[in-house]
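S.K.: Quick one: the structure is below, questions incoming.
The values are calculated or read from the model by the stated rules, or taken from the named source; none is laboratory data. Since this is a predicted model, take the numbers as computed values, not measurements. Don't worry about glycine lacking a Cβ; one is built from the backbone with ideal geometry, like all the others, and counts go over all protein chains shown.
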Amino acid sequence: MTAPLVLGVTHSGLTVADLDDAIALWCSELGFALERTFALDTQTTVATTGVSGATIRGAVVDLGGQKIELLQYDPPRPAPESISPAHIGMIHIALTVSNLERSIGLFAEHGWVPVGTPHQMVSGVREGTRIVYLNLQSRELQRREA
């Protein structure tokens, strides 16, 4: 038998509008630890991500070995008018929280909006668990919709 090709998951990545705000949310509010910050110049950014004409400020935050890489592109690329979990290529990060309503309110202060209403799973391994999806919206899109 051959050895597995994938040995583990290093981190999940999340593009954010404001790295300082994201670090405040994930570390000060949610209890993650700031592992490190970094910066990528335009050459490294295009070589790594394919995005030309931008730099990246980044941070890695950790909670119990689960690492999330927060990335702020400069200049930022505008978010599409509509963001849906059904779009090909979308990812999500599932968090277990102690108070769902408080968490929704806290995330809202940082630009995250529910795409539906909290509901309870009625079957399967998550039976009884209340869940909701949140999308990060740009401040500009939030102002247009208000």
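S.K.: What tally of residues in segment 86-122 results from selecting those that are of a type in the set (A, V, I, L, M, F, W, C), more than 19 Å from Q137 (Cβ to Cβ) and in a helix (DSSP H, G or I)?
M.R.: Of the residues in segment 86-122, 1 are of a type in the set (A, V, I, L, M, F, W, C), more than 19 Å from Q137 (Cβ to Cβ) and in a helix (DSSP H, G or I).
S.K.: Conditions first: (1) among the aliphatic types (A, V, I, L, M); (2) within 15 Å of the chain's Cα centre (by Cα); (3) modelled with pLDDT of 90 or more. L100 passes all but one, so which condition is the exception?
M.R.: Going through the list (1) among the aliphatic types (A, V, I, L, M); (2) within 15 Å of the chain's Cα centre (by Cα); (3) modelled with pLDDT of 90 or more, L100 breaks only (2).
S.K.: Specify which of the listed residues (A39, A59, A47) is without any contact (Cβ under 8 Å) to a residue 40 or more places away in the chain and either outside any helix (DSSP H, G or I) or assigned by TED's automatic domain parsing to the domain that holds W112 (or both).
M.R.: On the way: A59 fails: without any contact (Cβ under 8 Å) to a residue 40 or more places away in the chain; A47 fails: either outside any helix (DSSP H, G or I) or assigned by TED's automatic domain parsing to the domain that holds W112 (or both).
One residue alone meets the criteria, A39.
Matching residues to (1) in contact (Cβ under 8 Å) with a residue 12 or more places away in the chain; (2) out of contact with any Pro (no Cβ under 7 Å at 6 or more places or on another chain); (3) over 27 Å from T96 (Cα atoms); (4) among the acidic types (D, E):
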| residue | (1), (2), (3), (4) |
| --- | --- |
| M1 | no, yes, yes, no |
| G8 | no, yes, no, no |
| T15 | yes, yes, no, no |
| L19 | yes, yes, no, no |
| L34 | yes, yes, no, no |
| Q43 | no, yes, yes, no |
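S.K.: Let me ask something else about it. Looking at the structure I just gave you, is G50 among the small types (G, A, S) and modelled with pLDDT under 95?
M.R.: In short, yes.
S.K.: Let me ask you something else. Tell me which residues, restricted to segment 68-83, are touching a residue at least 40 places away in the same chain (Cβ under 8 Å) and out of contact with any Ser or Thr (no Cβ under 9 Å at 6 or more places or on another chain).
M.R.: E81, I83
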